[in-house]
Amino acid sequence: MTGSLQIKNNKYYAVINLYIDGKRKQKWICTDLDVKGNKTRAEKFLREQIVALECKSGIVNSDILFSDYVKIWLEQVKNSVDSITFQGYEQLANSHIIPYFEQKKTRLQDVKKEILQAYIDEKSKSGRLDNKGGLSAKSLKLHRNILNQTLKEALKSGLISVNPCQWVKLPQIQRREPTFYTAEQIEKLLSAIIGDSTFYLLVKLTATYGLRRSEVLGLMWNSIDFENDTLQIAHTVVKVNSTVCKDKTKNASSYRSFPLIDEIKQLLLAERKKQTQNRKEFGKEYIQSPYVFVWDNGKPFATEYVSQHFKRLLEWNNLPHIRFHDLRHNCASILLSRGFTLKDVQEWLGHSDITLTANIYGHLDIERKKAIADTMANILA
């Protein structure tokens, strides 16, 4: 599909050549851009319109720019993946991959292993959008995944003869050892925030049940059974480009039920009473929400607020820096130190595979291993 820019009434028009039943027809689209000083923007508009029409028709020119083909791939996968997954794809592609290859004007058919490797290497050195260095190996793995999936689709469509992404190498992932608090540090943290009843409950729940941030923020009142003393993890709240509330957990294993311990039950009942009072005080201005963790006006807590406020609390109370997610690691550490097995931890944390649990926490299971070793030593003595 081809096109050109034409000028009419001092405005740029994108004129696209369409071939229907062997006959050429032209489609004129007004850019709403004045001629003076807008040629580059008009050219970009023309290219985007051609890509959109090619995507819609399923016809792709072999000379298409790689950046434009990534846009086509995004449109193709939009309705076939989870909304959160797609937001991640879209954000990464629009912030990194598309601008990089658009600037270089790399054609799809010219993409080689060396070109992709140069992209990964550059992002590794200076890929952060805040200009504070390079992207992590974990982040670059996501970049390569999008590049690979895009090129797999191009290969499947017969636009390229080989997918060069299979030979692209990533920097070695530096394993980050989970950070843990001692029991005394956990107590100090809880004592410091006890005056903020809502955030105290949020931290207490997370630390006790080893919840993900998305799980504790997704906790709804209808997931708590005060009569039978159970609490279900069935919903999540996450954010990529925008906050998304999901009626499902990260995976099937993440959907789990916990016994509701008395201390947390009393805290939850007090929080529910507080919300009832706030609902009366705010009246029509109160934001109706099914979630446990909300502001006084009913607006649910934002994901970034929880992480940022947690960081500030640690600084104010001279506590060592840990991430909010490390409360989950802390839970696993305590369970293993008390003699519970990796299988117990897997089920408690909601890991889909015990291999994941072993990879993260296997080195902490030392006491149980020592007990086994001592037993074997005594038997074989």
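The values are calculated or read from the model by the stated rules, or taken from the named source; none is laboratory data. As the structure is a computational prediction, the values presented were derived from the model and not from experiment. Note that each Cβ is placed from the backbone with ideal geometry, even for glycine, and that neighbours are counted across all protein chains shown.
Figures for the structure shown
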read-out	value
Number of positions in the range 339-356 that are over 23 Å from residue 231 (Cα atoms) and over 23 Å from the mean Cα position of the chain (by Cα)	1
Subset of the range 317-357 that is hydroxyl-bearing (Ser, Thr, Tyr) and farther than 23 Å from residue 232 by Cα - its residue that is modelled with the lowest pLDDT	355
Residues satisfying the stated conditions in the range 306-326, i.e. under 13 Å from residue 203 (Cα atoms), within 24 Å of the chain's Cα centre (by Cα), of a type outside the set (Asp, Glu) and assigned to a helix (DSSP H, G or I)	306, 307, 309, 310, 311
Verdict on residue 162 being in the same structural domain as residue 107 (by TED's automatic domain parsing), out of contact with any Asp or Glu (no Cβ under 9 Å at 6 or more places or on another chain) and loosely packed, with under 12 Cβ neighbours inside 10 Å	yes
Single unsatisfied condition, residue 298 versus (1) outside any loop (DSSP other than H, G, I, E, B); (2) surrounded by 15 or more Cβ atoms within 10 Å (Cβ to Cβ)	(1)
Subset of the range 129-139 (residues that are within 15 Å of residue 97 (Cα to Cα) and either of a type in the set (Gly, Ala, Ser) or surrounded by 14 or more Cβ atoms within 10 Å (Cβ to Cβ) (or both))	134, 135, 139
Flag if residue 271 is surrounded by 15 or more Cβ atoms within 10 Å (Cβ to Cβ), acidic (Asp, Glu) and outside any strand (DSSP E or B)	yes
Residue 287 being at pLDDT 90 or above, assigned to a loop (DSSP other than H, G, I, E, B) and not assigned by TED's automatic domain parsing to the domain that holds residue 87	yes
Considering residues of the range 140-154 that are surrounded by fewer than 16 Cβ atoms within 10 Å (Cβ to Cβ) and within 19 Å of the chain's Cα centre (by Cα) only, the residue farthest from residue 74 (Cα to Cα)	141
Of all residues in the range 71-102 being under 20 Å from the mean Cα position of the chain (by Cα) and of a type in the set (A, V, I, L, M), the one that is modelled with the lowest pLDDT	84
Qualifying residue in the range 94-116 (condition: surrounded by 13 or more Cβ atoms within 10 Å (Cβ to Cβ), over 24 Å from residue 47 (Cβ atoms) and in the same structural domain as residue 66 (by TED's automatic domain parsing))	yes
Test: residue in the range 155-172 that is within 24 Å of the chain's Cα centre (by Cα), part of a helix (DSSP H, G or I), aromatic (Phe, Trp, Tyr) and on the phi < 0 side of the Ramachandran plot	no
Residue ID - nearest to residue 199 (Cα to Cα), chosen from residues in the range 327-358 that are outside any helix (DSSP H, G or I) and of a type in the set (Gly, Ala, Ser)	350
